[in-house]
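I am attaching a structure below and will ask some questions about it afterwards.
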Amino acid sequence: MYDKNNIFAKILRKEIPCDKIYEDEFSLFFKDINPQAKIHILGIPKFPCTTLSDFLNNADNENILSFFKSVQLVISNLDIEKNGYRLITNSGDDGGQEVPHFHLHILAGEKIGRLR
Ligand code: AMP
C-alpha cells in the first residue's frame, strides 16, 4: 500500500523543497540530502509506487520506458559514463529501504568501493 505522505511524495507535490537536477512529465531527479559519494543523485518516477517491483508490475510501459530513459539522460548530463557509476535501489526491510517511494541512487564522482 502506497503511503501518500512519504517524503518523496511530498517533494513531488512541492510541499517540501529538493535540490533538483532534472524533471520531466514522468520523473524527478534531485541530490541526496546525505550524500554517500561526491555525486549522489536520487531518481524517482512520478508514478506512485513503493519499490522497483511495484513500479515494473503496475506502471504502464510509457512510464517505465520514460523513467529509465531519463536515468540515462541524467547519467549523460553528469558526464559520468566514462569513469563509471553505481546504481542502487533498496527495497523493503531486508533491502534497508527508508523512504517507501521507489528510487534509484546514482553514485559517482569517485571510487565507490565494495558493497560489503
Ligand atoms: P533508502 O534507504 O534507499 O530509502 O534511501 C533514502 C535516501 O533518501 C537516503 O539516502 C536519504 O539521505 C535520502 N533523503 C531523505 N530525505 C531526503 C530529502 N528531503 N531530500 C533528499 N534526499 C533525502
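The values are calculated or read from the model by the stated rules, or taken from the named source; none is laboratory data. These numbers come from a predicted model, not from an experiment. Here Cβ is always computed from backbone atoms with ideal geometry, including for glycine, and neighbour counts include all displayed protein chains.
Can you pull out every residue in the stretch 25-49 that is in contact with a Lys or Arg (Cβ under 9 Å, 6 or more places away or on another chain) and not aromatic (Phe, Trp, Tyr)?
Answer for the stretch 25-49, where residues must be in contact with a Lys or Arg (Cβ under 9 Å, 6 or more places away or on another chain) and not aromatic (Phe, Trp, Tyr): GLU25, SER27, LEU28, LYS31, ALA37, ILE39, HIS40, ILE41, LEU42, PRO48.
In this structure, is PHE29 surrounded by 16 or more Cβ atoms within 10 Å (Cβ to Cβ) and closer than 16 Å to ILE80 by Cα?
Against the criterion (surrounded by 16 or more Cβ atoms within 10 Å (Cβ to Cβ) and closer than 16 Å to ILE80 by Cα), PHE29 qualifies.
In this structure, does HIS103 turn out to be of a type outside the set (Ser, Thr, Tyr), crowded, with 16+ Cβ neighbours inside 10 Å and within 19 Å of ASN5 (Cα to Cα)?
The answer is yes for HIS103.
Of the conditions (1) small (Gly, Ala, Ser); (2) surrounded by fewer than 12 Cβ atoms within 10 Å (Cβ to Cβ); (3) in contact (Cβ under 8 Å) with a residue 12 or more places away in the chain, SER66 clears all except one; give me its number.
It fails just one condition, (2).
Something else now. Among the helices (runs of 4 or more DSSP H) contained in the stretch 1-115, which hold 1 or more residues that are β-branched (Val, Ile, Thr) and modelled with pLDDT of 95 or more?
7-12, 61-78
Would you say LEU42 is touching a His at 6+ places or on another chain (Cβ under 7 Å) and of a type in the set (A, V, I, L, M)?
Taking the combined requirement at face value, the residue satisfies it.
Sticking with this one: All but one of (1) in contact (Cβ under 8 Å) with a residue 12 or more places away in the chain; (2) exposed (fewer than 15 other Cβ atoms within 10 Å of the Cβ); (3) over 25 Å from ASN6 (Cβ atoms) hold for GLY92, so report the exception by its number.
(3)
For the stretch 50-93, name all the residues that are away from the ligand (no atom under 16 Å from the Cβ) and touching a Cys at 6+ places or on another chain (Cβ under 7 Å).
Across the stretch 50-93, the qualifying residues are ASN58, ALA59.
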